[in-house]
Amino acid sequence: MLLGMETEYAVGGRNRETLIEALQQSVRSGVPNLQGLNPMDRFLSSGARFYMDCGGHPEWSTPECPNPTEVVRYLLAGDKALADALSRAPESLRNEKGAGVFKCGVDYSGARTTWGSHESYLHVRSPAAFPEQIIPHLISRIIFTGAGGFNPMSAGIEFTVSPRVWHLKKSGCGSTTDARGIFHRKDEPLSRRGFHRLHVIAGESLCSHMASWLRVGTTGVIVAMIDAGIAVGSAMIPNDPVAAMQTFARDPSCCETVRLSSGRDASALQIQRHYLAKAEEHVDARWMPPWAGEVCKEWRAMLDRIEHAPESLSATLDWAIKLPIYQDYIERKGFNLDDIDAWNHINETIQTAVRKSEFRGRYTVELLLGREERPSPIPHTVQALTGYLGLHSFDWDMLRPFVDMRRELFEIDFRFAQLDGNGLFQKLDASGVLDHKAPGVNRIEDAVTNPPSSGRARVRGRRIKSYADRPGYRCYWDGIWDVPNERTLPLSNPLAKTARWSKFCLLYT
């Protein structure tokens, strides 16, 4: 099996496009590379790919890796390469308000932007075998793979185990940019006939090494079982997978249950234990990847912690690190956690009324309450809510602090995974209060420029390092082209150990 991940990065700053260009130039000058199929596309000596994706944001794809440890290693190498590139950008760009590179999943501005963190798993069985077997895993694994944060579709403050969930609208889909689904039907193997690539778009970028390791490790083990013809998930299909995933995302206790098509109820933890039992039953099968045993060991340990020692998660998993920080912030701002739902209702009612009114343009809390020279555009709503406030011993003077606190929490969450050393996660990690490292993940700096130990990524990376300074070369996942000499280095076999130049040919032969 080969595994890989893609990370879409958000870039901020008044001169965002100029900063992105500076990042591109810095990466190109700092890492040996060959141009891809377009001028903005670069394949690197690590076997990875760095390019500008649709929407104008940088994306880093790891090379094809033989195990979860290598995937995490090359994920972190991408983070390091972008952080280093940012440090070399002009100081005038770096010091702009809001400037930075962020490994976040969602945008809280109202634009409803989401940055992807996609996974790839090599398999040989028909893609039609996968949806029913893997969807229950994808919706329930968020108890250890959720990034944590807030529901970006809510007008209130609603903590969620996985913000990405609220951008998933269907069980299955063919697109990555709109009407996204839990299972992505894309089957672009990037290899010769006989291979397929499961492309998972339901996840989100993480900071915890262990969370990322379990994310690809557990999913890789399940892919191996499905590839072997084992029915691992059909007994756990919910009646409504999207609603079930949202239920799990709302529940940091990991106790809520959903109704399955079999008629019984199950929690995310119970669904995960079902998959784990299947994996442990087949862990010694010859078709299982050699790292399956270690994954099952860490998988079981994490599920036990979630069930029996949830307080220990606050040093390990992204969502569990964030939750107590945000709860403490809310209390320090003078709000009772038990009253947040009521304030959410108030703000949601106000926002709905504004949308239905004839008012258009920018507005403030003070305008909505009729405290500016202009009259409130929603006076009847304000009057109706005044009684509701009295029932809760609230007053309108608390609305401004609530709205400001909401905006501040969103900014903190967005900056949690900032890459320049000022991110909250990086500061917590540097202080020694976290315990999130995954087994064997090391030598990150080496992975910025050097390829994995096996597979075609090793061949690709070594050849890129050799040809980086020669003009006329082009690269893609399944080949390198020497255009002036009309020859091709075919890499359509993802498991290739060597490659030889041949007469110029097209892709996918």
Practice task
Determine the gain in length on full extension of the stretch Ser154-Ala111; use 0.36 nm per residue of separation and subtract their C-alpha separation, reporting nm with one decimal.
Solution key: 14.2 nm
Problem - Modelled label reach - Ser261, point 7 Å along Cα→Cβ, the range 138-182 residues with backbone N closer than 19 Å - result: 138-141, 169-174, 181-182
Completion exercise
Computed about the Cα centre, the charge dipole of the range 172-316 from +1 Lys/Arg and -1 Asp/Glu charges at the Cβ has a magnitude in debye, to the nearest 20, of 460
Completion exercise
Per the charge dipole of the chain (beta-carbon charges, Lys/Arg positive, Asp/Glu negative, Cα centre), the residue among Thr247, Thr219, Thr386 reaching farthest to the positive end is Thr219
Handout entry: Degrees between helix 456-467 axis and first principal axis of the chain (Cα, 0 to 90, nearest 10)
Key = 80
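Could you tell me what fraction of 2.2 N^0.38 Å the Cα radius of gyration of the chain comes to, as a two-decimal ratio? Mind dumping the intermediate values first?
Working: Rg = 24.3 Å, N = 509, 2.2 N^0.38 = 23.5 Å.
Ratio of Cα Rg to 2.2 N^0.38 Å: 1.04.
Quote the relative contact order of the range 243-402 in percent (integer), defining contacts as alpha-carbon pairs under 8 Å separated by 6+ residues.
Value for the range 243-402: 10 percent.
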Handout entry: Test item: Cα-centred dipole of the chain, Lys/Arg +1 and Asp/Glu -1 on Cβ, debye
Key = 2020
Practice task
Could you work out how far apart the two model spin labels at Asn38 and Arg462 are, taking each label as a point 7 Å from the Cα in the direction of the beta carbon, and quote it in nm?
Solution key: 3.2
Fill in the blank from the handout: Given a 1.4 Å probe, the accessible area of the range 214-303 per residue, as a whole number of Å², is 39
Handout entry: Given charges at Cβ of Lys, Arg, Asp, Glu: the chain dipole, positive-most of Asn422, Thr160, Leu23
Key = Leu23
Practice task
Skip the ligands, DNA and RNA, and give the accessible area per residue of the range 1-135 with a 1.4 Å probe, whole Å².
Solution key: 34
Exercise for the section: Quick one: grab Rg to one decimal and Dmax as a whole number for the range 312-373, Cα atoms only, in Å. Expected result: 16.9, 53
Fill in the blank from the handout: Checked the range 76-193 with the C-alpha gyration tensor, a ≥ b ≥ c its square-rooted eigenvalues, rounded below a/c of 1.5, otherwise prolate if a/b is larger than b/c and oblate if not; verdict oblate
Problem - Per residue solvent-accessible surface (Å²) - the range 446-509, probe of 1.4 Å - result: 54
Problem - Cα long-axis angle, helix 318-332 against the chain (0 to 90 degrees, to the nearest 10) - result: 20
Exercise for the section: For the chain, build the charge dipole from Cβ charges (+1 Lys, Arg; -1 Asp, Glu) around the Cα centre, then report which of Cys54, Gly100, Phe144 sits farthest towards its positive end. Expected result: Cys54
Practice task
Give the distance, in whole Å, between the Cα centre of the range 107-130 and the Cα centre of the range 193-222.
Solution key: 10
Fill in the blank from the handout: On the formula 1/(1 + (r/R0)^6), with r taken between the Cβ atoms of His392 and Arg470 and R0 of 60 Å, the FRET efficiency rounded to 0.05 is 0.25
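Tell me, what % of the accessible area of the range 324-451 is carbon and sulfur with a 1.4 angstrom probe?
Working: 3640 of 7440 Å².
After summing per-atom areas, the C and S share lands at 49 percent.
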Practice task
Please work out the Cα center distance from the range 36-57 to the range 132-173, rounded to the nearest Å.
Solution key: 28
Handout entry: Added length on full extension, which subtracts the Cα-Cα distance from 0.36 nm per residue, Asp338 to Gln351
Key = 2.5 nm
Handout entry: FRET efficiency for Gln383 and Arg362, using Cβ-Cβ distance with R0 set to 22 Å, rounded to 0.05
Key = 0.40
Practice task
Obtain the nm distance between the two label points defined at Asn239 and Ala430 by a simple spin-label model: each point lies 7 Å from its Cα along the Cα-to-C-beta direction.
Solution key: 5.1
Problem - Dipole moment magnitude, nearest 20 debye, the range 398-465 about Cα centre, only Lys, Arg, Asp, Glu C-beta charged - result: 680
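What length, rounded to one decimal in nm, is gained on full extension from Arg193 through to Asn422, with 0.36 nm per residue of separation minus their alpha-carbon distance? Before the final figure, lay out the partial values.
Details: separation 229, 0.36 × 229 = 82.44 nm, distance 4.60 nm.
Stretched fully, the Arg193-Asn422 segment lengthens by 77.8 nm.
Between rounded, prolate and oblate, where does the range 132-219 land on the alpha carbon gyration tensor, with a ≥ b ≥ c its root eigenvalues, rounded for a/c under 1.5, else prolate if a/b exceeds b/c?
Values: a/c = 2.34, a/b = 1.48, b/c = 1.58.
Note, shape of the range 132-219 comes out oblate.
Relative contact order (percent) for the chain, with alpha-carbon contacts under 8 angstrom and 6 or more residues of separation? Present the calculation step by step, with values, prior to reporting the outcome.
Numbers: 950 pairs, mean separation 105.4, N = 509.
Value for the chain: 21 percent.
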Exercise for the section: Please give, to one decimal in nm, the separation of the simple spin-label points placed at Arg487 and Val283, each 7 Å out from Cα toward the Cβ. Expected result: 4.9
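What shape does the range 178-305 have by the C-alpha gyration tensor, where a ≥ b ≥ c are the square roots of the eigenvalues, rounded means a/c under 1.5, and otherwise prolate means a/b greater than b/c and oblate the rest?
On the way: a/c = 1.43, a/b = 1.19, b/c = 1.20.
Verdict is rounded for the range 178-305.
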Fill in the blank from the handout: To the nearest 0.05, the calculated FRET efficiency linking Glu91 and Arg400 through their beta-carbon distance, R0 being 30 Å, is 0.25
Completion exercise
Under the helix-only model (-39500 (n - 2.57) for each DSSP H run of 4 or more, divided by the residues of the chain), the mean residue ellipticity at 222 nm, to 500 deg cm²/dmol, is -12500 deg cm²/dmol
Practice task
Taking the chain as the reference, fit the longest principal axis to its C-alpha atoms, fit the long axis of helix 131-140 to the helix C-alpha atoms, and give the angle between the two in degrees, 0 to 90, nearest 10.
Solution key: 50
Handout entry: Alpha carbon centroid spacing (whole Å) that separates the range 231-250 from the range 450-466
Key = 39
Practice task
Please calculate the 1.4 Å probe accessible area of Met40, with all protein chains present, and give it to the nearest 10 Å².
Solution key: 80
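The values are calculated or read from the model by the stated rules, or taken from the named source; none is laboratory data. As the structure is a computational prediction, the values presented were derived from the model and not from experiment. Glycine gets a Cβ as well: all are built from the backbone with ideal geometry, and neighbour counts include every protein chain shown. Heads up: the accessible areas ignore ligands, DNA and RNA and are worked out on the full protein's heavy atoms, side chains in. Shrake-Rupley method; radii C 1.70, N 1.55, O 1.52, S 1.80 Å.
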